[in-house]
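Worksheet: the structure to be examined is printed underneath.
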Amino acid sequence: MTEPSRHSINTAGRRFSGVRGLAARMRRRREVAKLQSRTAATVIVLTLVALAVCVWPFAKCHLQAVAVLDLVANRPVPSLLRATVAEPIATQELTINTSQGAVKARLYIPVGKPNAPALVVLHGVHHLGMNEPRLIAFASAMASCGLRVLTPELPDIKDYHVGKNSIATIGDAATWLAQQNGRKPVGVMGLSFSGGLSLLAAADPQYKPAIKFVVAVGSQDEMSRVAEYYRTGEDMRPNGKEELLPPHEYGALVLEYESLEDFVPESDLTALRAVLRAHLHEDAAGEKAALAALTPQQLAEAKQLMNTTSPATQAMLAKSEAKHVADMAGVSPHGHLKGLTTPVYLLHGEGDNIIPSAETMWMADELPNETLQTELISPVISHLDMDGAGPSALDQWRLVHFFALVLRAAEKR
């Protein structure tokens, strides 16, 4: 057998060395590929986790908003959403000292979360005040989302008087809750006329530091325009068009009750106020008894006052409005919003016939863009009730989204 030449041995050696090098390179490439694959998977997982962390709080607020609206509307909450409003709550009956005197209040507290974010919710013009069932349902629902909710009594508003004193009471209540909140500002939600007064409180330098944001629901921009609407059924929009909607008698009756001395002789005030009070309280038995105690002249006056659409009553309303122009300006946000820096959320029912939705349009028109967080005129609600006729799924979603934004704002520290 012939012995291999040195050249062939060297060639074979180089070939073997090349194969070993190629194998090593391939191993390194496989290891790098595995490392890159693991790195990519880790990046994807971390990205998904980050997205979940970022998105979940906002998604949770939307789920909670659906549940809150169901609770307020006295509808069953879907089983999948019950956990989002499952915080057990406790209530405390309080007395808060304000510049207008001591006022009753109720604090709704999520059990185990004494330092939860805080929100003031203010009742509208209703004789039950903080004990109005819809208010209790709403405050309880919001507290079950993990918020502390304060519902102070507004004595004047409770007795059908929309006056400047209530602005101070609102500001003092917000200041009190802010002190309980570690001197951090709190959200304020005002319903009906209380919403406009809440905006005025936020515009006051004395109360501004205590108020984190304001939510005005079905609220007035200019009281004189609302009063005129009660007589005409027309409310001018910022674009110059008229909103045409027959007014509910409630609005005119509140104005009559508030300034009854403009409508009947002084000797008849007590008797006629009893009739109007019982009527506004929807106390049929009390109204019947009050009417039975009237003289024939007083009975005629009562019938006239109740007929809010008669030319004679409307003439008296117009005359009374003229006497109280300054008072109405004092409870109107109009002209006070251009410099407001507190974030504002505006909601109004499209079919509201107590305070027409044009009022919210006027507020949105005056508020700075950076101050107005969102504005919604919704067919889902009327004044403060969720009884809109045939709203679409998109309309319902918009209302859910509005309350989700409010919940998110309330939860932010």
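For region 295-413, list the helices (runs of 4 or more DSSP H) that sit wholly inside it and hold at least 2 residues that are under 24 Å from VAL77 (Cβ atoms); which are they?
Details: elements: 296-306, 311-323, 325-329, 358-366, 393-411.
Result: 393-411.
Would you call GLY163 part of a loop (DSSP other than H, G, I, E, B) and over 19 Å from ARG106 (Cα atoms)? Break it down into steps so the answer makes sense when it comes.
Details: part of a loop (DSSP other than H, G, I, E, B): yes; over 19 Å from ARG106 (Cα atoms): yes.
Spelling it out, GLY163 is indeed part of a loop (DSSP other than H, G, I, E, B) and over 19 Å from ARG106 (Cα atoms).
Return the residue satisfying two criteria in turn: it lies in region 314-349 and is under 18 Å from PHE213 (Cβ atoms) and among the β-branched types (Val, Ile, Thr), and of such residues it is surrounded by the most Cβ atoms within 10 Å (Cβ to Cβ).
Restricting to residues being under 18 Å from PHE213 (Cβ atoms) and among the β-branched types (Val, Ile, Thr), the top hit is VAL344.
Could you please let me know if ALA137 is more than 22 Å from TYR250 (Cα to Cα), open to solvent by 20 Å² or more (accessible area, probe 1.4 Å) and assigned to a helix (DSSP H, G or I)? Break it down stepwise before answering.
Details: more than 22 Å from TYR250 (Cα to Cα): yes; open to solvent by 20 Å² or more (accessible area, probe 1.4 Å): yes; assigned to a helix (DSSP H, G or I): yes.
Yes, satisfied.
Identify the residue in region 196-221 that is of a type in the set (Gly, Ala, Ser) and in a loop (DSSP other than H, G, I, E, B) and, among all such residues, is nearest to ALA168 (Cα to Cα).
Step one: filter region 196-221 for residues of a type in the set (Gly, Ala, Ser), giving 196, 198, 201-203, 210, 216, 218-219.
Next, from what is left, pick out any that are in a loop (DSSP other than H, G, I, E, B): 218-219.
Values: GLY218: 21, SER219: 18 Å.
That would be SER219.
Does ASN369 qualify as being touching a helix residue (DSSP H, G or I) at 6+ places or on another chain (Cβ under 8 Å) and at pLDDT 95 or above? I'd like the intermediate steps shown before the answer.
Numbers: touching a helix residue (DSSP H, G or I) at 6+ places or on another chain (Cβ under 8 Å): no; at pLDDT 95 or above: yes.
Spelling it out, it is not the case that ASN369 is touching a helix residue (DSSP H, G or I) at 6+ places or on another chain (Cβ under 8 Å) and at pLDDT 95 or above.
Suppose we keep only residues that are open to solvent by 70 Å² or more (accessible area, probe 1.4 Å) and within 33 Å of the chain's Cα centre (by Cα) within region 256-282. Which one would you say is farthest from GLU132 (Cα to Cα)?
First pass over region 256-282, keeping only residues open to solvent by 70 Å² or more (accessible area, probe 1.4 Å): 261, 266-267, 270, 277, 282.
Keeping just the survivors that are within 33 Å of the chain's Cα centre (by Cα) gives 277, 282.
Numbers: ARG277: 16, GLU282: 13 Å.
Out of the qualifying residues, it is ARG277.
Return yes when LYS288 is farther than 22 Å from GLY233 by Cα, of a type outside the set (Phe, Trp, Tyr) and assigned to a loop (DSSP other than H, G, I, E, B) and no when it is not.
Details: farther than 22 Å from GLY233 by Cα: yes; of a type outside the set (Phe, Trp, Tyr): yes; assigned to a loop (DSSP other than H, G, I, E, B): no.
For LYS288, the condition - farther than 22 Å from GLY233 by Cα, of a type outside the set (Phe, Trp, Tyr) and assigned to a loop (DSSP other than H, G, I, E, B) - is not met.
So which residues in region 368-401 are more than 15 Å from LEU191 (Cα to Cα) and touching a residue at least 40 places away in the same chain (Cβ under 8 Å), if there are any at all?
GLN373, LEU399, VAL400, HIS401
Return yes or no: is SER144 surrounded by fewer than 21 Cβ atoms within 10 Å (Cβ to Cβ) and in contact with a Leu (Cβ under 9 Å, 6 or more places away or on another chain)? Talk me through it step by step, then tell me what you get.
Details: surrounded by fewer than 21 Cβ atoms within 10 Å (Cβ to Cβ): no; in contact with a Leu (Cβ under 9 Å, 6 or more places away or on another chain): yes.
So SER144 does not fit the description; no.
Identify, please: which residue in region 93-132 is farther than 19 Å from GLN179 by Cβ and touching a residue at least 40 places away in the same chain (Cβ under 8 Å) and is, among those, surrounded by the fewest Cβ atoms within 10 Å (Cβ to Cβ)?
Quick first cut of region 93-132, residues farther than 19 Å from GLN179 by Cβ only: 110-112, 123-132.
Checking which are touching a residue at least 40 places away in the same chain (Cβ under 8 Å) leaves us with 123-125, 127.
Values: HIS123: 27, GLY124: 25, VAL125: 24, HIS127: 15.
Among residues in region 93-132 that are farther than 19 Å from GLN179 by Cβ and touching a residue at least 40 places away in the same chain (Cβ under 8 Å), the one surrounded by the fewest Cβ atoms within 10 Å (Cβ to Cβ) is HIS127.
Across region 81-92, what is the number of residues that are among the aliphatic types (A, V, I, L, M), outside any strand (DSSP E or B) and in contact (Cβ under 8 Å) with a residue 12 or more places away in the chain?
Here the count works out to 3.
The values are calculated or read from the model by the stated rules, or taken from the named source; none is laboratory data. Since this is a predicted model, take the numbers as computed values, not measurements. Positions of Cβ are generated from backbone atoms using ideal geometry, with glycine treated the same way; all protein chains shown enter the neighbour counts. Note: areas computed on protein heavy atoms with side chains; ligands, DNA, RNA excluded. Shrake-Rupley method; radii C 1.70, N 1.55, O 1.52, S 1.80 Å.
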